[in-house]
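Here the structure comes first, spelled out in structure tokens, and everything after it is commentary.
Please treat every number below as a calculation from the coordinates, not as lab data. Model, not experiment: these values are computed from the prediction. All Cβ positions, glycine included, derive from the backbone under ideal geometry; neighbour counts span all protein chains shown.
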Amino acid sequence: MKETKQSLSELWSLLRNKEEQFGLNKLSLTERDILQAIIHIQGKDKQTRLETILKQCPHPRATFFRCLKKLRINNIIKVIKDTEDSRKSFIKVSHKFIN
């Protein structure tokens, strides 16, 4: 059990260090959660439909869009309109946060 606590502590330390390195420590936990969900849903694709992410996000719609706005302001994500149907949008995560 002691070894598990130590490895968990080391993992948390590594995570916090990486968050600080990428400037994610300035985001709220909800914003980080939504960013993580976007990256997870996006997978290896370059961009993902906003509708797909919104359907899978456990947060309320208003919270989601408030967090999305902050992620855009911090240049972590970009929202791109579909060229064929302007009602549809895609989310693209900055390359520095992928891989």
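Okay, here's what the table says:
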quantity: Long-range amide H partners of Phe90 with built H, under 5 Å; calculated: Leu50, Ile80, Lys81, Asp82
quantity: Estimated distance in nm for a label pair at Arg72 and Lys92, the labels positioned 7 Å out from Cα along Cα-to-Cβ; calculated: 1.5 nm
quantity: Cross-link table Lys46/Lys70; Lys18/Lys88; Lys26/Lys92; Lys18/Lys78; Lys18/Lys46, entries beyond 31 Å C-alpha to C-alpha; calculated: Lys18/Lys88
quantity: Amide H contacts of Ile77 (H built 1.01 Å from N, under 5 Å, at least 5 apart or other chain); calculated: Arg72, Ser94
quantity: Top of Glu84, Glu31, Glu51 by mean-square fluctuation, Gaussian network on the chain, Cα under 10 Å; calculated: Glu84
quantity: Cα long-axis angle, helix 29-42 against the chain (0 to 90 degrees, to the nearest 10); calculated: 70 degrees
quantity: Karplus 3J(HN,Hα) series, Hz, for the stretch 61-75 with 6.51 cos²θ - 1.76 cosθ + 1.60 (x for Gly, Pro); calculated: 3, 4, 4, 4, 6, 5, 5, 4, 4, 5, 5, 5, 4, 7, 6
quantity: Calculated FRET value between Asp82 and Gln36, using beta carbons and R₀ = 25 Å, to 0.05; calculated: 0.55
quantity: Principal-axis tilt of helix 2-22 within the chain, Cα atoms, nearest 10 degrees; calculated: 40 degrees
